[in-house]
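The next block holds one structure in the form of structure tokens; read it before the comments.
The values are calculated or read from the model by the stated rules, or taken from the named source; none is laboratory data. This structure is a prediction, so every number in the text was calculated from the model and none was measured. Virtual Cβ from ideal backbone geometry, glycine too; neighbours counted across all protein chains shown. Calculation scope for accessible area: heavy atoms of the full protein, side chains included, ligands and nucleic acids excluded. Shrake-Rupley method; radii C 1.70, N 1.55, O 1.52, S 1.80 Å.
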Amino acid sequence: MSNFADVMVKALFFDIDGTLVSFKTHRIPHSTISAIEQAKARGVSIYISTGRPLSIINNIGEIADLVDGYIATNGAYCMVGNEVIHCGDIPRRDVDTFMRLADEQGFSCMVVGEHDLAIYNGDEKINAIFRGVLNVKDIPENVPMEPILRQRILQLTPVMTEEEEARLMTQLPGCIASRWCPDFMDITAKGADKGNALKIMAAHQHIDIQETMAFGDGGNDLSIIQDAGIGVAMGNANECLKQAADYVTTSVDEDGVYNALKHFEII
């Protein structure tokens with residue numbers, strides 16, 4: 001705490017799954033809701049920072065009216081109010097390569113366009129991940145890919161192992177990959193990560209980076225945890241994130257957000 005005694009936090013950035021929302025209950029703990037309400041009442045801005053596309057952020061209804069802006073699709077898409085302030089799409093050549101490999105190798109994936117998304121080569125595993133683990137029940141099925149592929153593509157989410165990921169990424173030179181679940185990865189354009197999105201959001205909102213605090217639990221949170229003024233890893237976070245964080249709180253199911261905000265005297 002002493003290292004941050006002179007810092008006044010003006011903006012909080014929250015990952016959703018495993019940070020705000022429990023994987024066990026698929027709900028935001030009451031303590032987290034209360035903590036965010038208290039922070040907001042003290043004039044602190046609230047932002048979401050998630051790997052989810054905007055259209056499947058379906059699990060933060062209890063705090064949605066407190067949210068000032070969104071970092072979605074791992075930083076490829078940023079909104080404040082109704083204003084889109086950043087949209088970083090994947091190079092078209094990489095999208096074409098990815099779709100060709102999906103056909104040749106038959107792997108399942110989610111394709112996220114600027115306005116729409118769809119599952120491609122859907123199977124039982126991808127259904128179990130999105131409809132089970134992530135509790136997204138309303139992903140459209142049998143959606144034609146052609147209209148989506150005419151949009152700017154913000155994110156590609158294939159179901160594959162880390163070894164398969166390493167081989168795939170050598171063929172997508174304009175992209176980066178991150179994981180927040182062992183069964184799949186998210187592919188975005190180079191530079192489209194949560195840390196860079198934090199900088200874009202802070203500049204747009206005239207907030208000093210040192211006055212930001214970010215919470216996360218997965219590999220896709222690493223950049224924002226490193227770049228925020230204070231980076232907080234949840235107790236259920238992976239070890240890499242805990243090592244990079246300024247502070248490790250308790251888990252999402254053990255009042256982690258509340259405890260961290262109390263620790264830093266934000267509430």
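Brief remarks follow.
- Per-residue ³J(HN,Hα) for the stretch 236-244, Karplus 6.51 cos²θ - 1.76 cosθ + 1.60, θ = phi - 60°, Hz, x for Gly and Pro: 8, 6, 6, 5, 4, 5, 4, 5, 7
- Under 17 Å from Lys125, Cα to Cα: lysines that are on another chain or at least 8 residues apart: Lys137
- Its Cα centre serving as origin, the stretch 1-105 has a Cβ charge dipole (Lys and Arg +1, Asp and Glu -1) of approximately 220 debye.
- Using θ = phi - 60° in the Karplus curve 6.51 cos²θ - 1.76 cosθ + 1.60, the 3J(HN,Hα) couplings for the stretch 58-65 round to 10, 10, 10, x, 5, 10, 4, 6 Hz; x is entered for Gly and Pro.
- Projecting the Cα atoms of Val136, Gln155, Gly122 onto the charge dipole of the stretch 111-165 (Cβ charges, centred on the Cα centre) puts Val136 farthest toward the positive pole.
- About the Cα centre, charge dipole magnitude for the stretch 162-267 (Lys/Arg +1, Asp/Glu -1 at Cβ), debye: 360
- Computed packing ranks the peptides 207-218, 60-71 as 207-218, 60-71, most packed first, by mean other Cβ atoms within 10 Å.
- Share of carbon and sulfur in the accessible heavy-atom surface of the stretch 1-128 [1.4 Å probe, %]: 46
- Average accessible surface area per residue within the chain, 1.4 Å rolling probe, Å²: 43
- Loop-located chymotrypsin sites (Phe, Trp or Tyr not before Pro) across the stretch 77-147 with a Cβ neighbour count of 14 or fewer within 10 Å are lacking, with loop assigned by DSSP.
- The phi torsions of the stretch 176-193, fed into the Karplus equation with coefficients 6.51, -1.76 and 1.60 and a -60° offset, translate into couplings of 10, 10, 9, 10, 10, 8, x, 8, 8, 9, 10, 10, 10, 5, 4, x, 8, 9 Hz, rounded to whole numbers, with Gly and Pro shown as x.
- Dipole in debye (nearest 20) - the stretch 218-267, about Cα centre, beta carbon charges: Lys, Arg +1; Asp, Glu -1: 60
- Cross-link reach list, lysines versus Lys199, counting only Cα pairs under 29 Å and skipping chain neighbours closer than eight places: Lys10, Lys40, Lys190, Lys242, Lys262
- Option label - percent of Cα pairs over 24 Å apart computed here, alternatives [x] 50; [y] 68; [z] 45: [z]
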